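Participant: My questions will all concern the structure given below.
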Amino acid sequence: MINARLLSNFYSAFEAVMANRLRSLLTALGIIFGVAAVIAMMAIGNGAQQEILEQIKLVGVNNIIIEPIVEQVEEELDEASGSGPGEEKNKFSPGLRMLDVEAIREVIPGIQKLSPEIILDTYIVKSGLRRSAKLVGVTPEYFDVTNFNLREGSMFTENNLIKGDPVCIIGRGVQTKFFSTENPIGKMIKCGNKWLRVIGILEERIVSDKSIAKLGIRDYNMDVYIPVQTMLVRYKNRDMITSGSLVSGARGRRIRTIVGASGGSASQTNPHQIDKLVVQVKESHMLQPTAEVLSRLLERKHYNVIDFEITIPELLLKQQQRTQNIFNIVLGAIAGISLLVGGIGIMNIMLASVMERIKEIGLRLSLGAKKTDIVHQFLFEAMMISVSGGIIGVILGVILASMVSRFGDFPTIITISSIMVSFSVAATVGLIFGIAPAKRAANQDPITSLRHE
């Protein structure tokens, strides 16, 4: 019996909404735009969150990055003395070296992993194919701090590291380019003027252009990784003093371009032995203190010459995340205001509908309808408007999120939870703001309502 009455009330509400389609649609506009804003906002927030997590994964967790600063200074020679005007002011610095790595390992507590990195621009040659690539000298810790995983093969052994064996681990792009029809494990590949034996393949690492620009990273898939000792012994060791470095006048951290009487310039060399050092600490709260201790240690070892730069990518990304959270809160407030305005619009239209249909209300009450039937009817009407607006808003929100992702070059992630939350809020708004009109309709006096003109 109760179900039959509810169905009858629902049918009456449905007829009332369908009889005024345009007014119902206009009433639901606030709900439509509010729900669409909520879904689009949550999709943008989820996309930003995912991007930040991917960036943190790329740079590693609890990592401190130390990179050399290379300056270019042009000075004219004094032909009489053979020295530049600022020669005496220049302080000597050995640059960033493997000895710094050992000093950090021995002196600073709380260090979990140390990963020096030496990068050499070279080329790969195999079976008539040649392509430029990065040859990277690393230790096994490198793959841990950067979250690289082996797809196939094995890691460098202790023997490889000590002897500087000619072995390498290649990126997925190198395999695709040079070993498309064969398994590269155990095969030889020529990097520069040296032959290397492939012992491992890394999983593919997809890096977006935005991450490359923000984090200063590169496409790792075309890299060839060798033991750092192999790089120093078989390819290049910038810490060794040669006749060429003496002639070029490479001193400390500066790259000198010495212009003589003829206007010619000497070749430029990087005086730092290593190109990057990643220090991984055990706890996140130790990032900033450890970075300060590292700065003081390296400054002292480099004779008070600041020829290095220390950055903490995770802290920078967390600051970016906080900024994004504030942006999401602002968007959420705007979407909430839209839903509030939509709910007020529903209440206003429903109150006006009560006055328009006062005779209908009086007739139903006089024929035996209960006050609860009138309340149910008007609540059903309000919820139909809000729910239908919520459905349209969900569709519009998905379209908006897709357009932002496609034309705005911004990642968006639409989740079932965001759709359910926004739809539930829309239905709740209709229920809450429909209570007042429903009670007003139910409290009408049947006789007065029938006499209303």
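The values are calculated or read from the model by the stated rules, or taken from the named source; none is laboratory data. It should be emphasised that the depicted structure is a prediction, and the values quoted were computed from it without experimental measurement. Glycine also receives a Cβ, built like all others from the backbone with ideal geometry; neighbour counts cover every protein chain displayed. Keep in mind that these areas ignore ligands, DNA and RNA; they rest on the heavy atoms of the full protein, side chains included. Shrake-Rupley method; radii C 1.70, N 1.55, O 1.52, S 1.80 Å.
Participant: What's the number of the only condition in (1) on the phi > 0 side of the Ramachandran plot; (2) modelled with pLDDT of 75 or more that Gly82 fails to meet?
Facilitator: Single failed check for Gly82: (2).
Participant: Condition first: surrounded by 19 or more Cβ atoms within 10 Å (Cβ to Cβ) and either at pLDDT below 90 or touching a Gly at 6+ places or on another chain (Cβ under 6 Å) (or both). Now tell me which residues in the stretch 217-226 satisfy that.
Facilitator: We begin by selecting, within the stretch 217-226, every residue surrounded by 19 or more Cβ atoms within 10 Å (Cβ to Cβ); these are 220-221, 223-226.
If the condition is that a residue be surrounded by 19 or more Cβ atoms within 10 Å (Cβ to Cβ) and either at pLDDT below 90 or touching a Gly at 6+ places or on another chain (Cβ under 6 Å) (or both), then Tyr220, Asn221, Asp223, Ile226 are the ones that fit.
Participant: Sort out which residues of the stretch 275-285 are modelled with pLDDT under 85 and either crowded, with 19+ Cβ neighbours inside 10 Å or within 11 Å of Ile312 (Cβ to Cβ) (or both), and write them in order of number. Let's see the steps before the verdict.
Facilitator: In the first step, residues of the stretch 275-285 are kept if they are modelled with pLDDT under 85; the result is 282-285.
Result: Ser284, single match.
Table: residues versus (1) at pLDDT 65 or above; (2) of a type in the set (D, E, K, R); (3) open to solvent by 80 Å² or more (accessible area, probe 1.4 Å).
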site	(1), (2), (3)
Ile56	yes, no, no
Ile64	yes, no, no
Pro68	yes, no, no
Glu71	no, yes, no
Asn90	no, no, no
Leu96	yes, no, no
Arg105	yes, yes, yes
Ile111	yes, no, no
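Participant: Given (1) at pLDDT 75 or above; (2) open to solvent by 70 Å² or more (accessible area, probe 1.4 Å); (3) more than 39 Å from the chain's Cα centre (by Cα), where does Arg5 come up short, assuming only one miss?
Facilitator: All conditions pass for Arg5, except number (1).
Participant: Please indicate, with yes or no, whether at least one residue in the stretch 130-143 is touching a Cys at 6+ places or on another chain (Cβ under 7 Å), within 18 Å of Asn221 (Cα to Cα) and of a type in the set (S, T, N, Q).
Facilitator: No, there is no match, as no residue in the stretch 130-143 is touching a Cys at 6+ places or on another chain (Cβ under 7 Å), within 18 Å of Asn221 (Cα to Cα) and of a type in the set (S, T, N, Q).
Participant: Does at least one position in the stretch 356-365 carry a residue that is out of contact with any helix residue (DSSP H, G or I) (no Cβ under 9 Å at 6 or more places or on another chain) and either at pLDDT below 75 or assigned to a helix (DSSP H, G or I) (or both)?
Facilitator: yes
Participant: Which one is farthest from the chain's Cα centre (by Cα) among residues in the stretch 402-419 that are under 15 Å from Met41 (Cβ atoms) and in a helix (DSSP H, G or I)? Write out each step before concluding.
Facilitator: From the stretch 402-419, those under 15 Å from Met41 (Cβ atoms) are 402-405, 408, 410-415, 417-419; that's our starting set.
Okay, now just the ones that are also in a helix (DSSP H, G or I), so 402-405, 417-419.
Working: Ser402: 18, Met403: 19, Val404: 16, Ser405: 14, Ser417: 21, Ser418: 20, Ile419: 23 Å.
Out of the qualifying residues, it is Ile419.
Participant: In the stretch 281-326, how many residues are over 27 Å from the mean Cα position of the chain (by Cα) and without any contact (Cβ under 8 Å) to a residue 60 or more places away in the chain? Even if it seems obvious, please write down each step before you answer.
Facilitator: In the first step, residues of the stretch 281-326 are kept if they are over 27 Å from the mean Cα position of the chain (by Cα); the result is 293-307.
Still in the running and without any contact (Cβ under 8 Å) to a residue 60 or more places away in the chain: 295-296, 299-300.
Number satisfying all stated conditions: 4.
Participant: Follow-up question, since we're still on this one. Anything in the stretch 142-173 that is over 19 Å from Lys187 (Cα atoms) and either open to solvent by less than 50 Å² (accessible area, probe 1.4 Å) or modelled with pLDDT of 90 or more (or both)? List them, or say none.
Facilitator: Step one: list which residues in the stretch 142-173 are over 19 Å from Lys187 (Cα atoms), which gives 142-149, 158-159, 161-163.
Listed by number, the residues that qualify are Tyr142, Phe143, Val145, Thr146, Phe148, Leu161.
Participant: Something else now. Quick test for you: out of Gln112, Gln175, pick the one residue that is part of a strand (DSSP E or B) and either more than 28 Å from Ser284 (Cα to Cα) or not basic (Lys, Arg) (or both).
Facilitator: The match here is Gln112.
Participant: Further question: So which residues in the stretch 366-386 are surrounded by 14 or more Cβ atoms within 10 Å (Cβ to Cβ), modelled with pLDDT under 75 and small (Gly, Ala, Ser)?
Facilitator: Residue satisfying the conditions is Ala369 alone.
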